[in-house]
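Just below is one structure, and these are the notes that go with it.
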């Protein structure tokens, strides 16, 4: 292997490591944001909000690396698809961070409320969404189409939880007008989680493109909000 090619391979590995790091940060932000909500921990919510800068810095760092690879290495075929996909993926990861921040801000708003019931379904939904995100990012760095399929298949279950939560919260608002504000905020949390799942699907579909050269919509199209 020539020195130039070896350097290119090393930089691709750096790209994969940075994508894993950014995915890990986004994942932990989602975890902590939902934990902040359920435990009514305002300091944890503030930590999530502050970590948004960390995601943004990784976004810029990965973008700069991708642009350098394109300009100096002129990758072809699958390598070019990988670099181009990384530029798309960081947008999804950055938006996942934004959704986590929005959940943390809601956690801060509801920190003094008495919840109308124990929050069980939202953490359950968050666990499923985080598993989708984990699998999507690892599918990219490990070139694993089986993980892509797992992400796509998991999306339906997340949608089902969202629809159930939406119906339950609408019923609670109709039953007790005093719950309208709290239930509306909780519905927004569910919506943010559903959108995070959509971003995980986006990443998985881009991995399918990297590995097959075919850009397809693998998940069914739907409107949920």
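What follows is calculated from the coordinates using simple rules that are stated; it is not laboratory data. Because the structure is predicted, anything quoted here is derived from the model rather than measured.
Please compute the Kirkwood hydrodynamic radius of segment 37-134 from all pairs of different C-alpha atoms, in Å with one decimal.
For segment 37-134, the Kirkwood estimate is 15.8 Å.
Would you compute, from DSSP H runs of 4+ residues alone, the mean residue ellipticity of the chain at 222 nm, taking -39500 (n - 2.57) per run and dividing by the full residue count, rounded to the nearest 500? Show your work: numbers first, answer last.
Numbers: 7 runs with 182 residues, N = 225.
Dividing the helical sum by the residues of the chain leaves -29000 deg cm²/dmol.
Under a GNM of the chain (C-alpha, springs under 10 Å), which listed residue has the highest mean-square fluctuation: 97, 174, 84?
Of 97, 174, 84, the most mobile in the Gaussian network model is 174.
Under 8 Å for C-alpha pairs, at least 6 residues apart: give me the relative contact order for segment 3-212, rounded to a whole percent.
It comes to 27 percent, rounded to a whole number.
Nearest 10 degrees is fine. How inclined is helix 3-39 to the longest principal axis of the chain, computing both from alpha carbons?
Roughly 0 degrees, rounded to the nearest 10.
Would you kindly work out the equivalent ellipsoid of segment 31-72 from its C-alpha gyration tensor and give its semi-axes, the square roots of five times the eigenvalues, largest first in whole Å?
On the way: eigenvalues 230, 14, 3 Å².
The answer is 34, 8, 4 Å, longest axis first.
When the Cα centres of segment 1-77 and segment 169-205 are compared, how far apart do they sit, in Å?
Taking the Cα centre of each part, segment 1-77 and segment 169-205 sit 27 Å apart.
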